[in-house]
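Rule-based calculations on the coordinates, nothing more; no lab input. Since we're looking at a predicted model, the values are computed, not measured. A quick note on method: Cβ atoms are made from the backbone with ideal geometry, for glycine too, and the neighbour counts reach across all protein chains shown.
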Amino acid sequence: MKQSYISGLGFHVPPKVVTNHDLEQIMETNDAWIVERTGIRERHFVENGVGSADLGLEAARKAIADAGRGPRDVDFIIFATTTPDYMVPGNGVLIQQGLGIETVGALDVRNGCSGFVYGLSVADAFVRMGRYRCVLVIGAEVQSTGIDLSTRGRDMAVLFGDGAGAAIVEPCDAPRGILSWALHSEGALAKELWCEAPSSREPGRITHAMLEAGRQYPQMNGRQVFKNATTRFPEVIHEVLRDCGQTLDDVALIVPHQANQRIGDAVAQRLGVAPEKVFQNIARYGNTTAASIPIALTEARDAGLVKRGDLIVLAAFGAGFAWAGCALRW
Ligand SMILES: CC(C)(COP(=O)(O)OP(=O)(O)OC[C@H]1O[C@@H](n2cnc3c(N)ncnc32)[C@H](O)[C@@H]1OP(=O)(O)O)[C@@H](O)C(=O)NCCC(=O)NCCS
């Protein structure tokens with residue numbers, strides 16, 4: 001069996017920058033609280049009318065060009081998002097249309113913050129089995145239109161940003177490429193980080209009472225998320241390294257989902273690695289959910305932190321709870 005590798009990367013964020021000071025104007029919060037608890041200084045928000053498929057399409061075009069390919073080379077699309085343009089169909093088909101390519105398959109993944117790593121594992125399996133040769137994996141989110149940007153929703157509202165990242169996955173010969181991955185979930189904790197409405201359990205999907213109670217906005221038990229994330233990140237990083245016979249000493253860079261700077265710092269501490277071995281760019285983007293890993297990986301590579309031959313580990317944790325890891329030889 002062949003291996004698969006990431007042959008191209010790209011990301012796109014909408015131009016509008018929203019700083020912590022901008023948020024101070026619309027809710028009771030302050031820059032010092034946000035920076036101290038999360039490390040976030042600013043994030044990007046879309047203008048009205050822009051959806052996650054639009055952001056994903058821009059990132060996809062960059063990743064395809066970065067791989068030295070054209071849109072017509074793409075033979076399968078995987079789109080990870082929790083914030084699709086529509087309830088149905090998924091965003092993947094909108095990318096097929098946007099790229100103007102033939103009727104290739106398109107799969108949507110709704111695994112929250114771990115969605116990109118889940119998508120990457122599917123791409124790896126398809127490429128290894130020889131079914132596809134150029135899989136486009138996108139993680140993209142528009143969180144800003146679905147969060148409660150008032151004091152009531154401030155615990156969540158200050159965390160999230162909009163953006164998209166994409167990767168092209170192609171076959172390669174060992175020793176480079178995706179070495180191992182691991183996928184996990186724990187549905188008993190589903191309601192610790194969730195968005196309840198609109199819901200198929202509700203005739204009409206959403207009621208006025210639900211809207212008034214704010215049940216269309218994501219809700220989170222912040223402490224529970226923090227506690228689980230700081231346990232599951234190190235666990236899954238150790239697992240993928242064990243599976244490919246490597247150790248932490250072999251790792252050049254860990255690129256985690258950007259949930260919170262304090263979570264990233266705690267993960268470095270628990271693993272016993274230097275903080276600079278854990279890439280963090282959350283200060284400028286906030287938490288972009290499924291988009292955060294491909295955005296961070298692209299930035300890290302462009303900054304020269306990911307070089308040919310390096311061992312890289314991706315790790316994500318979020319809603320579900322669902323978490324995932326992936327080890328790659330660049
Ligand atoms: C969200 C998080 C930063 C909150 O930090 P915390 O230390 O647990 O803070 P608390 O929830 O105890 O809140 C402390 C106080 O700050 C207040 N507060 C909450 N959000 C605030 C905001 N944006 N600005 C100012 N004050 C805020 C709370 O109301 C509370 O006030 P009180 O003590 O008067 O009740 C933290 O729990 C966290 O990082 N969790 C992980 C979240 C995450 O990464 N989610 C992404 C999913 S992958």
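A few remarks follow.
- Two-site label geometry, Gln219 and Glu24: point separation in nm, points 7 Å out along Cα→Cβ: 3.1
- Residues whose placed amide H lies under 5 Å from that of Leu107, excluding near-sequence neighbours: Ile77, Ile78, Phe79
- For the chain, modelled as a GNM whose springs connect Cα atoms under 10 angstrom apart, the maximal fluctuation among Ala32, Ala268, Ala166 occurs at Ala32.
- Tensor-based shape of the range 129-201 (alpha-carbon gyration tensor, a/c under 1.5 rounded, otherwise prolate or oblate): prolate
- Cα-based shape type of the range 3-146, given that a ≥ b ≥ c are square roots of the gyration tensor eigenvalues and the cut on a/c is 1.5: prolate
- For the chain, the tally of Lys pairs with Cα-Cα distances below 26 Å comes to 7, considering only residues 8 or more apart or on different chains.
- Karplus-derived 3J(HN,Hα) values for the range 120-136, using 6.51 cos²θ - 1.76 cosθ + 1.60 with θ = phi - 60°, are 5, 5, 5, 4, 4, 5, 5, 5, 4, 7, x, 7, 10, 10, 8, 9, 9 Hz; glycine and proline are entered as x.
- Proxy reagent accessibility, fewest Cβ within 10 Å first, across His184, His208, His257: His208, His184, His257
- Choice from Gln246, Gln25, Gln97 showing the highest fluctuation, given a GNM over the chain with Cα pairs closer than 10 Å: Gln25
- Of the residues Ser180, Ser121, Ser200, the one that moves most in a GNM of the chain with alpha-carbon contacts below 10 Å is Ser200.
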